[in-house]
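A short write-up of the structure that comes next.
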Amino acid sequence: LHPTLLKVKALTALLFTIFSKYNFSLASSYEQLGPTKIHYFFKISLSPASRSFSSLSDDSEEARARYLYRQWVGLGLTDVHLSNHTVLLSLPGSTPNTITDRSSHQCFLPNGIPCDQRGPNDLPKQQFSYAAYSAVGSLQGEVVDVQYGSVDDLRRAKDTLNLTNQIAVVKLGQAPLLYKLSLLSELGFGGALLYIDPCDAPPGRHTWNQAFRVTLNPGGNPAIAGVSREAGGSLTSLLVQPISAFLAKTLLSSPSTGQGGSCIPLAMSPNTGTQLLESNYQCKRGIKVLKGVTGSHYRYVLVGSRHDSDQGGGASAIMNQLIAALTEQAKRGWVPDRTTVFCSWGGSALGNIGSYEWGKDNSVVLQSSAVAYVSLNSPVRGTETLRATASPTLLQLLSCIRGGNCPGPNVSSLQLPGDVSFFANQLAVPTVEFAFEQTKAEEAQFSVESPKTLDPLFKFHETIAKMTAEAILRLVNDPVLPFYPLDIALDVQNKLKEKSVVSPSLLSSASSLRDHAAFFQSETMRPANDPKERDPSHVRMLNDVLRDLEKSFIIPQAPSGVYRNLLYSLPGKTPQFSILRFSQEAVLHCSVTSKTVKHNKEVLCHSTMNQSLSLILRAIRSAERLVCFGLDLFENYPNDTK
């Protein structure tokens, strides 16, 4: 079936809470956060009654955005806008996708239920299970188990099978999905069935019969990337379909059972039949309007959530409580140093469209004015694990505030899902997020329980609200931004531990950056934090240096699905620069994908490692120059306050 393009209206709400610039210190007490003492001066308490969207008869994205608009205006925000962008959306078809075993003529739905056994309530669940912006149509091919889709996995498959127009069965995890799909496409695969191995799921997470959704959109409006109506709204030539672990086990004839320590990973048994993948998709065009940035001309702390899913109600409830508490204190005379910009995004599930388009349209202002992005993308995705995530710049902001029981910070391109992507990846704005979670597969979007079911008393949401409030207060209120250059330098050195591929000059530059960052932090930042020595002009220039430090680590291009910001790495036991990890695979990748040896291609592939090392070295030296500039700037800076 050919997809049709329709017009639908989806609104992205954003606003600016405008405060004047004034140094202010908090006096009353609550819970401590960070290396210096900072406290709540207002109380945040969420209840089921504060849940957003529960009273709406129209649950469309436009209705949600207008509802938030009315709420935020009523809470006293001074500059609220509804914003629209015209984008190409990829939505499921009217009938669920199916997978058919041609040897047994057995037809399955994505969650593993036989097609002839589906009930009347199964259709909404199966419609949810799809890959946005996948190719459409039907494909018949042999099932190929490629495990996690690594270069080694693909080499083993290519050595034994003809992969042209075959169907890959791929586990999520270990590498970005878009990177894996690019390898599969180059090898000639026609389709891919995605699943989560139960051995990779957290204890107690039952994923056997759960299908899910993924998006193949790396961000923003796909139409800008050359996607057309004639192409059916696809971003890949592959037919991609997420399936449950149960169905993967059936298709692979895998003996795997259990979970946890005794879990046996799913893998193909010797006898496997051919399968037919049938996928139907409908694409729609969404309209979003943007009216530009107005308000303060100083510095912005962005606080972003989403309203395009069931979980959006919980995120919006937290956002509303933060707005209510902050505006109440502003009415009583509180005037922080920086402007708080609250944003509620649409189009998040299909590639963070709202945040990307707004960010691109306002990139000039944001490059100079945005100092941090605080994410409320999906604050309660489960109730098992509290995760604190931040870019290296803000690691010390995540000091445990509850007796040492919170987890250590994690920095990963896979572990910062959602609308934070544009700001961290394109603008190098330092980011921070607190969230309760339950699954490791960040790229998989499950049809999750509503906030009412998942957290009926809103206690988990309240915890996230309090932690997020403390982070916001530090970011908008500290005269010197709570950024720590030494943490960046130490993170860089940590990523260069594998000395077998690292040159002495690279290690020397990393060591030099650490030394200068430590000196800058102690000799320049420490006096600026002392009210007796603080000079407003001095602090302003110091903050500009701190704001720009992470921008040194943006590179022109990166492997598909990997951040351009070098400071964001992939999860794993050994931290490493993402581009370095994939450069080490480049030579293997070339030998796997090349059907004939071409000299120019081999030279290009073998030079990838050197190019990556050169980019890392350039970034380190750029950061060091900025730190040294800051030291030189302040060495003889006149201080009239002394």
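Given their separation in residues at 0.36 nm each and the Cα-Cα distance between them, residue 106 and residue 224 gain 38.5 nm when the chain is fully extended.
Cross-link pairs exceeding 32 Å between alpha carbons, from the set 158/249; 158/551; 180/495; 180/360; 331/551; 360/532: 158/551; 331/551; 360/532.
A simple rule links phi to the HN-Hα coupling: the Karplus curve 6.51 cos²θ - 1.76 cosθ + 1.60 with θ = phi - 60°, which for the stretch 368-373 gives 9, 10, 7, 9, 6, 10 Hz, with x for Gly and Pro. Using heavy atoms of the protein chains and a probe of 1.4 Å, the accessible area assigned to residue 508 is about 80 Å². Applying both filters, DSSP loop and at most 16 other Cβ atoms within 10 Å, to the GluC sites (Glu not before Pro) of the stretch 467-573 gives 498, 533.
Given a 1.4 Å probe and the protein chains as shown, residue 187 ends up with an accessible area of around 10 Å². Checking the a/c ratio against 1.5 first, then a/b against b/c, what shape does the Cα gyration tensor give for the stretch 342-388? Because a/c hits 1.5 or more and a/b fails to exceed b/c, the stretch 342-388 counts as oblate.
The values are calculated or read from the model by the stated rules, or taken from the named source; none is laboratory data. What you see is a predicted model, and the numbers here were worked out from it, not measured in a lab. Here the Cβ is made from the backbone with ideal geometry for all residues, glycine too, and neighbour counts use every protein chain on show. Ligands, DNA and RNA are excluded from the accessible area calculation, which covers all protein heavy atoms including side chains. Shrake-Rupley method; radii C 1.70, N 1.55, O 1.52, S 1.80 Å.
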